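The values are calculated or read from the model by the stated rules, or taken from the named source; none is laboratory data. What you see is a predicted model, and the numbers here were worked out from it, not measured in a lab. Heads up, the Cβs are rebuilt from the backbone with ideal geometry, glycines too, and the neighbour counts pull from every protein chain shown. Remember, those area values only see protein heavy atoms, side chains included, never the ligands or the DNA or RNA. Shrake-Rupley method; radii C 1.70, N 1.55, O 1.52, S 1.80 Å.
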Amino acid sequence: GQNIDQPTEMTATEGAIVQINCTYQTSGFNGLFWYQQHAGEAPTFLSYNVLDGLEEKGRFSSFLSRSKGYSYLLLKELQMKDSASYLCAVEGEGGKLIFGQGTELSVKP
Amino acid sequence: DAGVIQSPRHEVTEMGQEVTLRCKPISGHDYLFWYRQTMMRGLELLIYFNNNVPIDDSGMPEDRFSAKMPNASFSTLKIQPSEPRDSAVYFCASTLGGRETQYFGPGTRLLVL
C-alpha cells in the first residue's frame, strides 16, 4: 500500500527554526519532494532528495533516510511569509508522485 | 515562459452538467499530470500523459471522468455528468522527462451545486 504521514499542523515563532517530519511506506521509491503551498495557490517546488543525507538550499534544508522511510524539512530564520502548507511527496513506480496530506505551518510574530 | 496555464480559474455548475477543464503545459515539457485537491483527501493524481499518450489513469475516480491530450500544448479533463462530490481544486502540472520537478498551474476551483 501507499502511506505518507505528516503532522497536520504546526506553529512556530518568527525567527525560529522548525522541522516538519514525513514518514512513508510506498511500493517503489525514486525520490522524495517537498512542495510549499500558500492558501489558494498552487504547490511550488522546494526540494528533492534521492540519496540519503541533507540537502541545503538557503533557509530550507531537507533530509532523507531511505532505510527508515523518513524525511524532514527544516526551515530556519522563519518569516511570516513561510506560513503555508508543506507537502511531502514520494516519487513511486512509473514516476508518479504520491502526496501526503500536508502540514499547515503557522508562523506567529 | 508563461508557466502552466489553466482555464477556467473558477467554475460553478449544477449537478448533472458537463464540465471541461483545460490545461496548457509549459512549452517543451513532455509529461502532463492532472491532480485533484480536497480537504479530505489532499492532493491526488488522476491521470498523466507522456508525449500526449495516457500512461496511467488509475486515479480517475470513475467513468464520469475522462481526459484527453490531442497535442503537446493542450489537454482537457471532462466530467460528465458532474456531481457535488466532484467539487475540488483541479491542478494540471507538467515536467520534462517525467522524473523532474513538476510545475503546477494555478488550478481550477470547481463547485458543483
Checklist entry - Before we move on, is residue A:77 at positive phi and open to solvent by 30 Å² or more (accessible area, probe 1.4 Å)? => result yes
Checklist entry - Name the strands (runs of 3 or more DSSP E) wholly within the range B:1-84 that hold at least 2 residues that are within 14 Å of chain A (Cβ to nearest Cβ), free of Cβ contacts under 8 Å to residues at least 24 places away in the same chain and under 25 Å from residue A:35 (Cβ atoms)? => result B:42-50, B:53-56
Item to check | Complete set of residues in the range A:29-38 that are in a loop (DSSP other than H, G, I, E, B) and modelled with pLDDT of 95 or more | outcome: A:38
Checklist outcome for this item: Within the range A:56-69, residues outside any loop (DSSP other than H, G, I, E, B) and farther than 15 Å from residue A:89 by Cβ come out as A:56, A:57, A:60, A:61, A:63, A:65
Next on the checklist: I'd like the full set of residues that are exposed (fewer than 15 other Cβ atoms within 10 Å of the Cβ), under 19 Å from residue A:26 (Cα atoms) and not small (Gly, Ala, Ser), limited to the range A:53-69.
Outcome noted: A:68
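Quick grid of which residues meet (1) part of a loop (DSSP other than H, G, I, E, B); (2) more than 25 Å from residue B:105 (Cα to Cα); (3) modelled with pLDDT of 95 or more; (4) open to solvent by 20 Å² or more (accessible area, probe 1.4 Å):
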site: A:15; (1), (2), (3), (4): yes, yes, yes, yes
site: A:27; (1), (2), (3), (4): yes, yes, no, yes
site: A:45; (1), (2), (3), (4): no, no, no, yes
site: A:48; (1), (2), (3), (4): no, no, no, yes
site: A:88; (1), (2), (3), (4): no, no, yes, no
site: A:94; (1), (2), (3), (4): no, no, no, yes
Item to check | Restricting the range A:29-43 to residues that are among the aliphatic types (A, V, I, L, M) and crowded, with 16+ Cβ neighbours inside 10 Å, the residue that is farthest from residue A:98 (Cα to Cα) | outcome: A:42
Checklist entry - Taking the range B:97-113 as the search range and keeping residues that are open to solvent by 10 Å² or more (accessible area, probe 1.4 Å) and within 12 Å of chain A (Cβ to nearest Cβ), which one is farthest from residue B:39 (Cα to Cα)? => result B:97
